[in-house]
Amino acid sequence: MLNFRLRAYRQWLKMEEPKWAEVGYPTIDYQSIIYYSAPKQTKKLSSLEEVDPTLLDTFEKLGIPLSEQKRLSNVAVDAIFDSVSVATTFKEKLAEQGVIFCSISEALQKYPDLVERYIGSVVPVGDNYFAALNSAVFSDGSFVYVPKNTRCPMELSTYFRINNGESGQFERTLIIAEEGSHVSYLEGCTAPMFDTNQLHAAVVELVALDRAEIKYSTVQNWYAGDENGKGGIYNFVTKRGLCQGINSKISWTQVETGSAITWKYPSCVLVGDHSVGEFYSVALTNHHQQADTGTKMVHIGKNTRSTIISKGISAGKSENSYRGLVKIGPKADGARNYSQCDSMLIGDSAGANTFPYIQVQNHTARVEHEASTSKIGEDQLFFFAQRGISAEDAISMMISGFCKDVFNQLPMEFAVEADRLLSLKLEGSVG
Amino acid sequence: MIIENSDVVLSVCDLTAEVDGIPILNGLNLEVRAGEIHAIMGPNGSGKSTFSKVLAGHPDYQVTGGEIVFQGQNLLELEPEERARSGIFLAFQYPLEIPGVSNLDFLRVAYNSRRRHHGLEELDAFDFDEVVREKLEIVKMDDRFLGRSVNEGFSGGEKKRNEILQMALLEPKLAILDETDSGLDIDALKIVANGVNHLSNPDNSIILITHYQRLLNYIVPDYVHVMEGGRILTTGDKKLALELEERGYDWVRQEDATEVVAR
């Protein structure tokens, strides 16, 4: 692992921070970031009862139902504070099925062969500036392994939280789904308010072998900065899934509501014939938030299919861009892609952009792209008001309708949570 | 219908209002009692639609003087949604499309906001379904319209029928129909007019804003007002509308001028 890190570090030193995204921010001083930060209690725990109650309180206050509700609703949770994993639940129950769910630091010690075989295989150390930085300094994250022909019996979930004001979070997640297996994984993120900007540079790698299916959902609510754009997380994340096997499927669903800046393109590399990639996204920006997010669908195998549904909502003075690449390689006979990118503007000072890149090198491929822009304006709100419906309710109804196609992809309880989160984020954004 | 000594529902006194600093209403007076149907006619730009928006409280229209009393309450103090909940309904000239929001959900939320206002329990989806199906009859609408997004892809006639469906559900005290007849073919006009007649009763009042006499063949007004220059020039019964149709608005203007000279 040390070699891996050093290789990444040396590459990183030679690289330059990317500037092509539609975002602006002051230069980051990489020397001043704290690269490792642990909550006081560092002993590894096996159940939530042993967790420091103040930590659990923090989760509760954030509205993260970590303990009982999750237990009842059958979700296993890995909780990561700053740089370390503080608890993972349901380990034994998962182990009965041969499913491994633990922090990546634990996995490195217990299953070094597995980790070293796959880590960096989807996102190479020198892939991009932030991935290289992550590869050099990553501390913790989640590791999931689902054995052959196993359907993971419960939703797996990780909650990330940055507690320390100067700290960066560099977590690494690796999910491996063996032949014929199935897993659904959820990621939630929060951070308290700080005036400084914190850096979050994560790497997520997914590997799906023959007929395996991975569903990866994110509800991201990092601190977005205040109304004047002070503070907030810089979220520079590399997420990529490799559909290595035939008939494999990787599906990304993301609800992005937080962070001062989001720079994130969960992608699928469709190598296996007949493999399927999906990307469903809702990105909401308000106040001074900036988001440049989208996906890459790289079709390599025959008859590979991909679907992109992106919904951008911009309010306040925020900027929201969709950036997506659909690439059909020369051998991808019969590949198909359907993309739909819709933007919704709230008020008069927000911006929305769409940057679709399409590269087709095979004449049998079919690529469709649709885009629309709509606006919630005074007249619509007046129409609702004239029927007795308040502006808040009107906006939340319109937003829910707009995001329906994406929310339908989330597990039920998280769809409800996401819906509520959006309404909360938009409170007072009109009128 | 004119009922002796019925309650005054709406009283407008010396109302002046402007849009973007341009005065549109210049001293409008109107009294509407329970059970009455009033038609307001007038040429383009006379201020008819502005009056309807001012009653409903559209934020683009600033009231600069005068008063509006609705059921004994100062209407100008109320927010648009409060006006709606207390019984003012505006059927829009151009009903908006709301993509992604199903008509059924929209109707239910609107219906329940009014119930809440009156201290009644909200209806759940099942009970509401029964209520709404009954009302569909009034405007001869198919239940397919409930599952579609509000007004999205509706024809002009369907949008107007949907407005009347909302009126049927919300049972307003005062309904203002802003050029509900515009863009309707004769069959749709009859359906809309029948719906309105069905909903008219001694307790509620209706203001019809229209350019044409045609609508008044189907919904018979108790009073016809002619508006010009942001105020009401003359008032009569439905014969006035017929006369207008024949002689045009210039005739009213001349009459008005002679009246002024005589005074």
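The values are calculated or read from the model by the stated rules, or taken from the named source; none is laboratory data. On a predicted model such as this, the values are computed, not experimentally measured, just so you know. With ideal geometry, Cβ positions are generated from the backbone for all residues, glycine too; neighbour counts draw on all protein chains shown.
Tabulated data for the structure shown
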| quantity | calculated |
| --- | --- |
| Any hit, region B:36-56, residues being touching a residue at least 24 places away in the same chain (Cβ under 8 Å), within 28 Å of B:S6 (Cβ to Cβ) and among the acidic types (D, E) | yes |
| Flag for A:T253 being among the polar types (S, T, N, Q) and over 24 Å from A:I328 (Cβ atoms) | no |
| Among (1) modelled with pLDDT under 75; (2) surrounded by 15 or more Cβ atoms within 10 Å (Cβ to Cβ), the one test that A:A8 misses | (1) |
| B:E121 vs. criteria surrounded by fewer than 20 Cβ atoms within 10 Å (Cβ to Cβ) and among the acidic types (D, E) | yes |
| Residue in region B:164-176 that is buried (at least 24 other Cβ atoms within 10 Å of the Cβ), under 17 Å from B:M41 (Cα atoms) and within 14 Å of chain A (Cβ to nearest Cβ) present | yes |
| Residue that is surrounded by the most Cβ atoms within 10 Å (Cβ to Cβ), among those in region B:124-155 that are in contact with a Phe, Trp or Tyr (Cβ under 9 Å, 6 or more places away or on another chain) and farther than 22 Å from A:M398 by Cα | B:L136 |
| Matching strands (runs of 3 or more DSSP E) fully within region B:20-78 where at least 2 residues are among the small types (G, A, S) and either more than 14 Å from chain A (Cβ to nearest Cβ) or within 23 Å of A:F383 (Cα to Cα) (or both) | B:61-70 |
| Residue within region A:92-99 that is more than 21 Å from A:Q169 (Cα to Cα), among the aliphatic types (A, V, I, L, M), surrounded by fewer than 21 Cβ atoms within 10 Å (Cβ to Cβ) and modelled with pLDDT of 70 or more present | yes |
| Residue among B:E137, B:E152 that alone is more than 25 Å from A:L381 (Cβ to Cβ) and either away from chain A (no Cβ under 14 Å) or part of a loop (DSSP other than H, G, I, E, B) (or both) | B:E137 |
| Those strands (runs of 3 or more DSSP E) lying entirely in region B:198-238 with at least 3 residues over 19 Å from B:G27 (Cα atoms) | B:205-209 |
| Test: A:S181 is polar (S, T, N, Q), modelled with pLDDT under 85 and buried (at least 24 other Cβ atoms within 10 Å of the Cβ) | no |
| Positions within region B:99-116 being part of a helix (DSSP H, G or I), without any contact (Cβ under 8 Å) to a residue 60 or more places away in the chain and among the aliphatic types (A, V, I, L, M), in sequence order | B:L104, B:V109 |
| Failed criterion for B:G119 (all others in (1) within 28 Å of A:S374 (Cα to Cα); (2) assigned to a loop (DSSP other than H, G, I, E, B) hold) | (1) |
| Number of the exception - A:D273 against (1) free of Cβ contacts under 8 Å to residues at least 60 places away in the same chain; (2) assigned to a strand (DSSP E or B); (3) surrounded by fewer than 24 Cβ atoms within 10 Å (Cβ to Cβ) | (2) |
| Identity of the residue in region B:93-103, in contact with a Lys or Arg (Cβ under 9 Å, 6 or more places away or on another chain) and more than 7 Å from every other protein chain (Cβ to nearest Cβ), that ends up surrounded by the fewest Cβ atoms within 10 Å (Cβ to Cβ) | B:Y94 |
